[in-house]
1. Relative to the longest principal axis of the chain, what angle (0 to 90°, nearest 10) does the C-alpha long axis of helix 14-30 take?
2. May I ask you to give the solvent-accessible area per residue for region 11-55, in square angstrom, as obtained with a 1.4 angstrom probe?
3. Per-residue HN-Hα couplings for region 79-85, Karplus 6.51 cos²θ - 1.76 cosθ + 1.60 at θ = phi - 60°, whole Hz, x for Gly and Pro?
4. Applying 1/(1 + (r/R0)^6) with R0 = 35 Å to the Cβ-Cβ distance of residue 15 and residue 78, what FRET efficiency is obtained, to the nearest 0.05?
5. Considering amide H positions built from the backbone, and no H for Pro or chain starts, which residues 5 or more places from residue 34, or on another chain, come under 5 Å of its amide H?
6. Let me check I have the definition right: for the chain, take the eigenvalues of the Cα gyration tensor, multiply each by 5, take square roots. What are those semi-axes in whole Å, largest first?
7. Among 84, 48, 36, which one shows the highest mean-square fluctuation when the chain is modelled as a Gaussian network with alpha-carbon springs under 10 Å?
8. Rounding to the nearest 10 and keeping the result within 0 to 90°, find how far the Cα-based axis of helix 45-58 lies from the longest principal axis of the chain.
Amino acid sequence: MDLLITYDVETVTPAGERRLRRVAKICEAYGHRVQKSVFEVVCNEADKVRLVAALQAVIDPVRDSIRIYRLPAQALDDVEHLGKPRAVDPRGSFVI
């Protein structure tokens, strides 16, 4: 499945800054960063369940927000992109 993940983590405290780094690390383990707080992820259902559980364990649900968009199959293969070229192929090799 193709996912687009966006997040907004409150960083006015040191704890918020730590949560932001942890959220980014989790997302980096599953997908490719395409903007500062935006990741493209290609995964299966089991990986999605693990990803969501890991994110829920890190965020403060009162202060932070994560949005996970489930895209149609192969949607990331048909992205219109302007500006700096895409650094990686979302379906290319991925080393964890």
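1. 20
2. Numbers: 2580 Å² over 45 residues.
With all protein chains present, region 11-55 gives 57 Å² per residue.
3. Listing the rounded values in order: 8, 7, 10, 10, x, 3, x Hz.
4. Numbers: r = 39 Å, r/R0 = 1.13.
So the FRET efficiency works out to roughly 0.35.
5. Amide H neighbours of residue 34, under 5 Å, 5+ apart: 39, 40.
6. Working: eigenvalues 111, 47, 28 Å².
So the equivalent ellipsoid measures 24, 15, 12 Å along its semi-axes.
7. Comparing 84, 48, 36 in a Gaussian network model of the chain, the most mobile one is 84.
8. Between helix and principal axis, roughly 30 degrees.
The values are calculated or read from the model by the stated rules, or taken from the named source; none is laboratory data. If you're wondering where the values come from, they're calculated on a predicted model, not measured in any experiment. Glycine also receives a Cβ, built like all others from the backbone with ideal geometry; neighbour counts cover every protein chain displayed. Please note that ligands, DNA and RNA were not included when accessible areas were found on the heavy atoms of the full protein model with its side chains. Shrake-Rupley method; radii C 1.70, N 1.55, O 1.52, S 1.80 Å.
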